[in-house]
Structure formats: C-alpha cells, structure tokens
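Structure provided below as structure tokens; questions to follow.
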Amino acid sequence: MPVMSSDAFGLPDAGVVEGQVSRWAAADSGFGALLRTGLSTAEALARWGLQLLKANRFEDAALVLRSAVALAPCDPVRWTNCGMALDRTNSPGEAAVCFERSLALSRQQPDTWLLLGLVRKKQGDAAAAEAAYRTALEQEPTMAIAWQCLGLLKEEGRDYPAAIECFTECLKHGGASAAVLANLGKLYCDTGRFAEAQDAYGRAVELEAGNAHYRKMLRETWFLRDIMEGVAVEEATATAKESATPQDDFGDRGLCELFDRALALLSGFGHLEAAMRVGRKRLEFWPGDASTEYLLQAISGTTKLDRSPERFIVEHFDALAKRFDTHLVKELGYDIPAKLAAAVRASTPEGHLYDALDAGCGTGLCGPLLRPLARTLTGVDLSSRMLEGAAARDVYDTLACEELAGFLRRSPGGFDLMVAADVMIYFGDLAPIFDAAAGAIRTGGLLAFSTETGVEAGYRLKPSRHFAHAPDYVRAAAGEAFAQELCEETTIRLEANARVAGNLFLFRRR
Ligand SMILES: C[S@@+](CC[C@H](N)C(=O)[O-])C[C@H]1O[C@@H](n2cnc3c(N)ncnc32)[C@H](O)[C@@H]1O
C-alpha cells in the first residue's frame, strides 16, 4: 500500500484518504462491499482496519486505521484501535500516542489504560506502565488481567510481596489459570512461604495435570512444607516419591535435585535446623558430596575453615555455569561488575590502559566492562565450565583455569589492575590472597574487589556458605603493601528476598 502524507503524528490528509478509498475499494472486494452497505467512509475504514488486524495484517491495518482516524479524529475508539495496530507493527511510541489521544477524548476507558500500560512497559518505562495499570484498576477494580499485568511488572521489579498481592487479586476476580497459579507458587516459594506455595502449585496441577514443571514444583514445595512442619526427612522423601507419576521420571537424579533445592531454600531463609536435617540425610544417601559437607559446616557455625574448599568451588560453579548469568543478573539483580568497573574508571588517568586481571572471572561478566580499560586482559578461575562462558565473550587475551592465589604467585609483577568481583566471599582469611596479590600487582597498580558484611570483627562463614568480612579486618589484612582508596557500602544481590549488604574496596599497591 502507498505511503501517504502525514501530519506531525503521521495522520494522512483527509483529501488524500478520500482519493485512496476508491483505489482500495477496487483492490479489496471486502472493503468495497462494506462501502456499498452505505456506511460512512470513516466507519467502513474502521471496520476494514479491524478485519485486517484480526487477520494479522498489521502494517495494512495500521495504515487503514490511521486513515479512519484522519477522517474522524474525535472518536476515541478509533484512536485505540489504531494504537493496537501500531503496537503490533512494533511501533510502541506511536501506539502510546494513539492511546493517549484516545484517553484525552474519553478518560473512562480501562481497556485503553491497560493497553497504554502494556506499551509503556515495552518501552521500558515501568513507572508509567504502573500508573496506567493503576488507573485501569481505579476505573475497574475487578479487572483480573490488569491485576495480572501489574503483578508481572512488580515481579520483574523484584518486588515479590507486591507481586503476590496483585496475583492474589487477579485470582479473586476470576483470573485463575494454571499459569497465574504457578507464578504465584513461584513467588511464594521465592519469599520462603512454602505452605502457600504448595497450595498454589496444587491448584495449578489441578487445572493442568499434564504440566511436568508444575508437578515438579508441587513435589518440591510439598517436601519443603513437610520438613518445615517437622515431618521426618525419610517420610517426606517417601511422599515425594509416591506423588511422582511414571512420566515424571523421578529417579535418583530427581531426588538429589529435590534435596539440593530444599537445602538452598531452607538455609537461605534461615531455617537452619531443618536444613541440617535435610543435609544429613543427603549425605547418608550420597556420601562425600563436597557442597553438602561444606553447607553443613557453614550452617553449624563450628567450622575452622579459613576458605571455601576447592572441591566445593569447582562442583558448585561447574553445575551453575550454564544458568549463572540469567540467575545472578536477571533473577538476583547482581550488579557488582558495573560498580567495580565504575570505581576503577573513576581512579584511572585519561587514556591509561591496564594489564588487567579479572580474578575469579567466572563467566566473564566483568570482561566487557574492563576491556576498554585494558591493554591486556587476563581471566583466571577454578571452574572450567564458568570459563567456557568467559571464552564465549571473546574479550579476554588469556584465560587460565587455576586457583587464584597460586596463579598470582606465579605472575610476579604481571598486572597493574586486579578486579575480584564477588570472589573474596570464598576466602575467609584474606592475608594469603593479599600477600599473593602484592607480588602480582606492580607499584601504583589497583586492586578492586567486593566483600559481604555480616560480622563485627574479623571474618565469619555464614550459612549461605559465603564469608563475611569486617572492613577493619580487610584493611588490616591488606597490610603495608596496599593503601586504601575507597571503602563504600553497597548491596550485592538478592538472597532470601533481601539484598545482601557488602562493601566495595579499592586499594593501590604502594
Ligand atoms: C560469584 S562468582 C563471580 C564471577 C565473576 N567475578 C562475576 O562477577 O560474575 C565467583 C567465581 O570465583 C571463582 N573462584 C572462587 N574461588 C576461587 C579461587 N580460589 N580461585 C579461582 N577462582 C575462584 C568461582 O569459580 C566463580 O567463578
């Protein structure tokens, strides 16, 4: 179809539309028939545009509905329909203008407010999306779909309690679908409300018994609920096994996964006694598992460990590697790489390029941020699977699968920048790592890293299996070789629905 002249928004001139109409009527028998029924041209265009929209001919629909609006610009419904077509042509900005013009003509249109909210969300403006959804709900408080959209927005913003309220309202107003119930179940689980999670997943399975993921989550939350209510681990395990259907293929691996998820959730939410019971049974079933042994030590608080065991690091991160980026960044809002890179940039003279080491580089989240500051960029990590992710970014000159302290010791004077993002949490006693770093970092070079808080003095292994360090302890461990340039409070990532507090440090090698 030809492109027409337009006004500021892109409405065609009414005279041009009239000229087009006869050509469209000749070319499209359906539109011709609509005109012959005696409808006004604007109405015939509006109806034809909707037919095109329903037939998924979005570009054509947008053009025709624009023409309908041009002939009758005071009709709010036509503006809304035009906005819907534009939205489907991936023009959310223009769609939003249409919805706003519609709402300026008639404010009382909950459906159009909802549509405006959806395009604002697409544009990345969560605040405007929320305002539009809330106006829709003020006008129609029982609008289940608007509650659902608001719930999703809150969930994406990681405001899980608010998301739960919205999905609950959605259910109350007739929006109960298996997907909404399962989403609610996930939110309850992520906020440690295991009994409510089990109820929600149970209802989801009732509605969609064939969904294997819902059945798996029902089994998991049921197990958690049982454990929290004091049921013996053996009995809860038997229930989980019995509840599995033949299609679930719930063998040894499934059971092991169930135990690991339960351990992570129970310890994460501070149910340490329950986690101990599950952990002990896991070791009874699968003796020698490094992660579980380490977790039990961390939970019991009796450990003399001064760093995380290498076997745990390798097993844990090899297993996590594939979903590390999504899990850490999207789900847990991990943002230390950007914060450390900003701190380094602020202390870097114009044009200086470093021989940089990304220590414990993992999947290389720091790599693209350090690359512009680096003459050479090296990554080192214990987990070969994590390193595969780093290699895929194609920003490192060298990647080494090696223990950090050993690597530093065999790289004397090799670097003038070392960044360790979320890595010191795997070392309790920091003196050996500072000592090794002092040999590897040249005089005047920078050492940037993050730590977790949670201890008054010295260091402590937390039930999360991360070491917490007091800032005074960090400064003392850095010793004479380093001068502190920055110590700033920060937050690191979500854990049990709250952001973990920490510190950003920047030291200069004397
Ligand atoms: C939480 S991840 C952080 C990864 C990366 N720095 C980031 O910000 O995305 C911690 C990483 O440190 C690595 N790591 C822990 N202790 C290590 C050690 N002693 N030597 C080498 N790498 C280690 C782990 O294998 C893991 O990839």
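What net charge do the residues around Gly389 carry, taking every other residue with its C-beta under 12 Å from that of Gly389, with Lys and Arg at +1 and Asp and Glu at -1?
Numbers: positive: Lys322, Arg323, Arg385, Arg393; negative: Asp318, Asp325, Asp381, Glu388, Asp394.
Charge balance in the 12 Å sphere: -1.
What do you get for trypsin sites (Lys or Arg not before Pro) in the stretch 312-400 restricted to DSSP loop and a cutoff of at most 15 other Cβ within 10 Å of the site's Cβ?
Within the stretch 312-400, no trypsin sites (Lys or Arg not before Pro) qualify (loop, at most 15 other Cβ atoms within 10 Å).
Follow-up question, since we're still on this one. Give the aspartates and glutamates reachable from Lys330 as a straight Cα distance under 19 Å; neighbours fewer than 8 places away on the same chain don't count.
Candidates past the 8-residue exclusion: Asp125, Glu155, Glu156, Asp159, Asp190, Asp422, Glu495.
Considering only C-alpha atoms, what is the centroid distance from the stretch 203-236 to the stretch 427-453, in Å?
Measuring centre to centre over Cα atoms gives 45 Å.
Moving on. Sort Met424, Met84 by accessible area with a 1.4 Å probe, largest first.
The residues order as Met84, Met424, largest area first.
Could you give each residue of the stretch 407-422 its phi-based ³J(HN,Hα) in whole Hz, using Karplus coefficients 6.51, -1.76, 1.60 with θ = phi - 60°, and x for Gly or Pro?
For the stretch 407-422, the Karplus-derived couplings read 4, 5, 5, 9, 10, x, x, x, 9, 10, 8, 10, 10, 10, 8, 6 Hz, x marking Gly and Pro.
Just the accessible area for Phe250, please: 1.4 Å probe, Å², rounded to the nearest 10?
Taking all protein chains as shown, Phe250 has close to 40 Å².
Oh, and also: Please work out how much accessible surface Leu63 shows to a 1.4 Å probe, ignoring ligands, DNA and RNA, in Å² rounded to 10.
Near enough 30 Å² of accessible area.
Can you send over the carbon and sulfur percentage of the accessible area for the chain, probe radius 1.4 Å, protein chains only?
Of all accessible area on the chain, carbon and sulfur atoms account for 52 percent.
What ranking of His213, His271 comes out by heavy-atom accessible area, probe 1.4 Å, highest first?
Correct descending sequence by accessible area is His213, His271.
Just subtract the alpha-carbon distance of Arg57 and Ala476 from 0.36 nm times their residue separation and send over the number in nm, one decimal.
Gain on extension, Arg57 to Ala476, equals 144.0 nm.
Just in the stretch 303-401: which GluC sites (Glu not before Pro) are loop by DSSP and have at most 14 other Cβ atoms within 10 Å?
Hits after loop and neighbour filter: Glu350.
If you take the square roots of the eigenvalues of the alpha-carbon gyration tensor of the stretch 462-506 and sort them as a ≥ b ≥ c, do you get rounded (a/c under 1.5), prolate (a/b over b/c) or oblate?
oblate
May I pose another question? When all protein chains stay in place, what accessible area (Å², nearest 10, 1.4 Å probe) is found for Val455?
Taking all protein chains as shown, Val455 has close to 40 Å².
Which entries in the list Lys122/Lys339; Lys186/Lys216; Lys216/Lys241; Lys121/Lys322; Lys122/Lys172; Lys216/Lys462 go over 23 Å, if you measure between the two C-alpha atoms of each?
Beyond 23 Å between Cα atoms: Lys122/Lys339; Lys121/Lys322; Lys122/Lys172; Lys216/Lys462.
Could you check what % of the DSSP bridge pairs in the chain are antiparallel, to the nearest 5?
55 percent
Filter the GluC sites (Glu not before Pro) in the stretch 187-258 down to the DSSP loop ones having no more than 14 other Cβ atoms within 10 Å, then list what survives.
Values: sites: Glu196, Glu206, Glu208, Glu220, Glu229, Glu234, Glu235, Glu242, Glu257; in loops: Glu208, Glu229.
Passing both the DSSP loop test and the Cβ count: Glu229.
The values are calculated or read from the model by the stated rules, or taken from the named source; none is laboratory data. Keep in mind the model is a prediction, meaning the values are calculated, not measured. A quick note on method: Cβ atoms are made from the backbone with ideal geometry, for glycine too, and the neighbour counts reach across all protein chains shown. Note: accessible area is taken over every heavy atom of the protein model, side chains too, but ligands, DNA and RNA are not part of it. Shrake-Rupley method; radii C 1.70, N 1.55, O 1.52, S 1.80 Å.
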